[in-house]
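See below for the structure under consideration.
The values are calculated or read from the model by the stated rules, or taken from the named source; none is laboratory data. Small disclaimer: the values here were computed from a predicted structure and weren't measured. Cβ: placed from backbone, ideal geometry, glycine included. Neighbour counts: every protein chain shown.
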Amino acid sequence: MRARVGQRIPVVVQSRGRRRPGVRLLWMGAETVVTCGVVLLLLVVHQLWWTNQQARAEARQQVHALEREWGISPSVPAPVPVPVAETTSVPPAPVPSGVPSGEPASGVGSTPPTRSAPRAPTPSAAFAVLRIPRIGLTAPVARGVSKRSVLDKGYVGHYPGTAAPGRTGNFALAGHRNTHGEPFRYLDRLAEGDEISVRTRDATYTYRVDRILSRTAPRDVGVIRAVPRSLVQPSYGYDAPGAYLTLTTCTPEFSSAYRLVVWAKLVPGR
């Protein structure tokens with residue numbers, strides 16, 4: 001039957017029911033999880049990417065500044081003086097924990113000689129340039145192993161109290177494995193015979209990788225002594241004085257559970 005003209009046709013409108021409290025809580029929880037995920041992602045990006053960009057830029061600037069100050073080409077090595085035996089020793093301090101430790105160590109290894117010794121740099125001031133061709137590394141070396149003033153800047157830190165570059169004793173260094181420039185990220189790729197150079201204002205010293213300790217305890221103080229030898233694994237190390245270079249970093253990656261140690265010996269006349 002047709003509807004009469006002008007007659008209203010009833011329309012049924014369904015009203016929206018109120019959202020149940022449980023659904024509202026689930027929705028709020030989901031929003032919170034997504035927000036936390038975004039924040040965590042930003043933190044990861046900052047830690048793994050941005051800190052590297054900042055530290056590497058600062059490290060490059062420091063290397064360029066040192067080379068301009070010295071006024072000599074990095075590719076032309078200066079004469080290497082004959083190593084002078086060091087006679088003063090002090091008790092070793094623990095190898096810093098963390099990535100590596102955040103605070104300076106003190107009293108490690110031997111005191112640098114007074115005759116013809118390189119200038120004593122101010123704390124955290126870069127005084128040398130470390131180059132490791134095998135892993136494509138060029139990094140400034142600064143005094144101390146403080147995270148804030150040295151390691152987090154992308155620098156390699158020189159353990160206070162250990163020998164000066166090119167001298168008899170143990171020139172011991174630490175660097176980040178991950179984040180903040182991660183100069184020692186690929187330290188595990190080094191092999192026996194690889195060359196490492198250390199340039200200072202006065203000379204360039206060449207070391208050759210000799211032994212590698214793939215894992216030891218964070219406080220294995222023996223690895224940075226004047227005559228380095230692991231206290232945890234005594235079969236790794238040396239028995240006689242010499243001109244050593246020690247590189248230390250955390251292992252495995254993204255962990256500070258253990259330390260990776262690389263030892264090198266000075267190549268005379270290089």
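Annotations for the structure displayed:
- Test result for Thr216, of a type outside the set (A, V, I, L, M, F, W, C), under 23 Å from Pro165 (Cβ atoms) and either surrounded by 18 or more Cβ atoms within 10 Å (Cβ to Cβ) or within 18 Å of the chain's Cα centre (by Cα) (or both): no
Condition check ((1) closer than 12 Å to Ser214 by Cβ; (2) touching a residue at least 24 places away in the same chain (Cβ under 8 Å); (3) in a loop (DSSP other than H, G, I, E, B)) across all residues:
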residue	(1), (2), (3)
Val227	no, yes, yes
Asp239	no, no, yes
Leu245	no, yes, no
Phe254	no, yes, yes
Val262	yes, yes, no
Arg270	no, yes, yes
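- Residue match in segment 189-201 (condition: modelled with pLDDT of 95 or more, under 22 Å from Gly144 (Cβ atoms), of a type in the set (S, T, N, Q) and in a loop (DSSP other than H, G, I, E, B)): yes
- Selection from segment 225-255 of residues that are more than 18 Å from Thr162 (Cα to Cα) and surrounded by fewer than 23 Cβ atoms within 10 Å (Cβ to Cβ): Val232, Gln233, Pro234, Ser235, Tyr236, Thr251, Pro252, Glu253, Phe254, Ser255
- Flag for Phe171 being among the aromatic types (Phe, Trp, Tyr) and closer than 21 Å to Tyr186 by Cα: yes
- Segment 178-218, residues that are more than 24 Å from Ala59 (Cβ to Cβ) and touching a helix residue (DSSP H, G or I) at 6+ places or on another chain (Cβ under 9 Å): Ala191, Ile212, Leu213, Ser214, Thr216
- For the residues Gly193, Gly222, Gly181, Gly166, the requirement of being surrounded by fewer than 24 Cβ atoms within 10 Å (Cβ to Cβ), at positive phi and not hydrophobic (A, V, I, L, M, F, W, C) singles out Gly193.
- All of (1) of a type in the set (Lys, Arg); (2) buried (at least 20 other Cβ atoms within 10 Å of the Cβ); (3) within 30 Å of Gly71 (Cα to Cα) hold for Arg201 with one exception: (2).
- Residues considered: Ala264, Ala217. Of these, the only one that is under 21 Å from Val129 (Cα atoms) and in contact with a Leu (Cβ under 9 Å, 6 or more places away or on another chain) is Ala264.
- Single residue of segment 187-241 satisfying the filter (touching a Lys or Arg at 6+ places or on another chain (Cβ under 7 Å) and acidic (Asp, Glu)) that is farthest from Ala139 (Cα to Cα): Asp220
- Count - residues of segment 49-90 that are at pLDDT 85 or above and over 23 Å from Arg199 (Cβ atoms): 3
- The single condition from (1) closer than 18 Å to Arg259 by Cα; (2) more than 18 Å from the chain's Cα centre (by Cα) that His176 fails is (2).
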